[in-house]
Amino acid sequence: MKATDILYIEDNEDYIQFVKRAVSKINTDLSFNVLMDGKNTLEFIEGVGAAKPLPRLILLDINLPDYNGLDLLAKIRSNKATRYIPVVMFSSSENQKDMMKAFDGGANAYLVKPMGLTPLTETLQSICNFWLNHNQLPVDNFAA
């Protein structure tokens with residue numbers, strides 16, 4: 001089973017469709033999966049490993065049902081299988097406390113969601129270019 005390039009954790013269906021459109025403009029070969037709440041995300045995190053390939057990048061919203069993104073970030077970082085996956089907090093919040101909590105919790109980056117298809121596409125292009133094309137992780141970084 002091929003690994004997912006981007007796992008997007010977001011509950012706003014309209015913004016999910018918006019992001020899907022932008023990703024398709026960047027590269028139609030990118031695999032893109034969505035989880036829409038904290039409960040399903042926790043189940044995913046706890047079930048990753050040999051049977052479930054890991055995503056190469058996680059885009060994580062802060063405001064989610066069941067568990068917020070900061071709680072999920074802590075779970076991602078505490079799980080041996082997922083701790084080194086790059087996590088970009090992708091939120092509408094410009095609150096400095098949210099940003100500080102995200103970085104304290106192990107986020108690799110924090111981006112405020114852009115409005116408009118062109119700014120979103122440009123932002124996602126930059127994210128993908130760096131995290132999927134240039135960022136290097138240890139070869140055995142996902143060993144269980």
Checklist line | Expected-Rg normalisation [2.2 N^0.38 Å, Cα atoms] applied to the chain | finding: 0.97
Notebook entry, point to check: Under a Cβ-Cβ cut-off of 10 Å, what is the net charge of the residues other than Phe32 that fall near it, where Lys and Arg count +1 and Asp and Glu count -1?
Noted result: 0
Next item on the list: Using Cα positions and a limit of under 16 Å, work out the aspartates and glutamates in reach of Lys39, with same-chain residues fewer than 8 apart set aside.
Entry: Glu10, Asp11, Asp61, Asp66, Asp71
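Laboratory data are not the source of any read-out in this text; all were calculated from the coordinates shown. The shown structure was predicted, so the numbers you read here are calculated from the model rather than taken from an experiment. For neighbour counting, all protein chains shown are included, and Cβ atoms are generated from backbone atoms with ideal geometry for every residue, glycine included.
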